[in-house]
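One structure is given here, and the rest of the page talks about it.
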Amino acid sequence: MEIAAEKRIDGKQIRDHHLALLAQEVDLLKARGIEPALAVIIVGQDPASRVYVNNKKAACAKIGVRSAEYALPEETTTEELLALIDRLNADASINGILCQLPVPAHIDESAVLERISPAKDVDCFHPVNVGLLSVGKGNLMPCTPMGVMQMLKYEGVDPAGMHCVVLGRSNIVGKPMAMLLLAANATVTICHSRTKDLAAITRQADLLVAAVGKPKFVTADMVKDGAIVIDVGMDRDENGKLCGDVDFDAVAPKASLITPVPGGVGPMTITMLMRNTLAACKAQNGIKE
Ligand code: NAP
């Protein structure tokens, strides 16, 4: 179905806008003799992880950030991975560290995420950064939720006073999304798998963010006329085709603004990873703005 272009939030256009601004920031840093650098750790041979890592390195290259890949074999132990993180934490030429998830099952994922220095935690997974976010003092921001906030800003949407309903309460998306909307003065409701009468709540939403991980879960009857619908989902439909958590064709006619999948929130996540890398670099070099 053809959806009016002005309703569709174009994540690629907003990504390009931000990457151009970030590239200018990199130029300014380099002019001061500072080369921002991101360490990317990947353990094992997971093909999806390889694609994500390549995309992250490509984004670095695009804006002039140096990326350093550490590809470790599947049988790497937790201790070996922690030792690498210790070395990268101590390396002043590295500003950001990310470890591509999931790590193999035998590795203690929490220990890994908590070992990354909060100052270099560009995924904003460290409990210190989660805490700083919740008290409104974060420098590094959760990438996907921050990407959503930047999309709203680009579209001129101010969530203040809106009833925002977040579907999903994961540590990566749902919870930090709710926190950022709250900080933006929205009234926020978080729903999850134990929520009763879900549709009655989602129908109250002025802004609905879906982060459920279930293809086309949000149907037209769950959405209020004129609502803004943000689809974080990256799912596969019955034919194996990439789709979101929202039944786009059915919901779009009711929405005032809506993100497609692909081409919506997805491109913003890596963009915010770049934003965090520069924020970490500036903080480590005592640069305030
Ligand atoms: P997750 O950790 O699996 O969390 C899913 C959340 O949805 C949970 O809080 C779960 O509730 C809730 N849920 C599941 N079934 C539900 C139901 N029937 N009714 C109401 N709530 C339900 O997933 P995630 O990591 O947040 O990711 C969500 C989606 O976003 C996935 O499709 C993922 O691929 C995508 N994603 C995209 C990006 C991007 O860059 N665009 C980044 C991250 C994730 P409980 O807590 O009660 O189990």
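Look at region 95-114: where a residue is free of Cβ contacts under 8 Å to residues at least 12 places away in the same chain, no partner that is surrounded by fewer than 16 Cβ atoms within 10 Å (Cβ to Cβ) sits 6+ places away or on another chain with Cβ atoms under 6 Å. Quick one: would you say residue 213 is surrounded by fewer than 22 Cβ atoms within 10 Å (Cβ to Cβ) and either within 8 Å of the ligand (Cβ to nearest atom) or of a type in the set (A, V, I, L, M, F, W, C) (or both)? Yes: the conditions hold for residue 213. When 244, 233, 266 are checked against the criterion of being within 16 Å of the ligand (Cβ to nearest atom), farther than 19 Å from residue 97 by Cα, in contact (Cβ under 8 Å) with a residue 60 or more places away in the chain and buried (at least 22 other Cβ atoms within 10 Å of the Cβ), a single residue qualifies: 266. Residues that are on the phi > 0 side of the Ramachandran plot and near the ligand (Cβ under 9 Å from one of its atoms) do not occur anywhere in region 193-203. Among the listed residues 140, 132, identify the single one that is part of a helix (DSSP H, G or I) and either in the same structural domain as residue 231 (by TED's automatic domain parsing) or of a type outside the set (Ser, Thr, Tyr) (or both). One residue alone meets the criteria, 132.
The values are calculated or read from the model by the stated rules, or taken from the named source; none is laboratory data. Note that the structure is predicted; figures quoted are calculated from it, not measured. Positions of Cβ are backbone-derived with ideal geometry, glycine not excepted, and every protein chain shown enters the neighbour counts.
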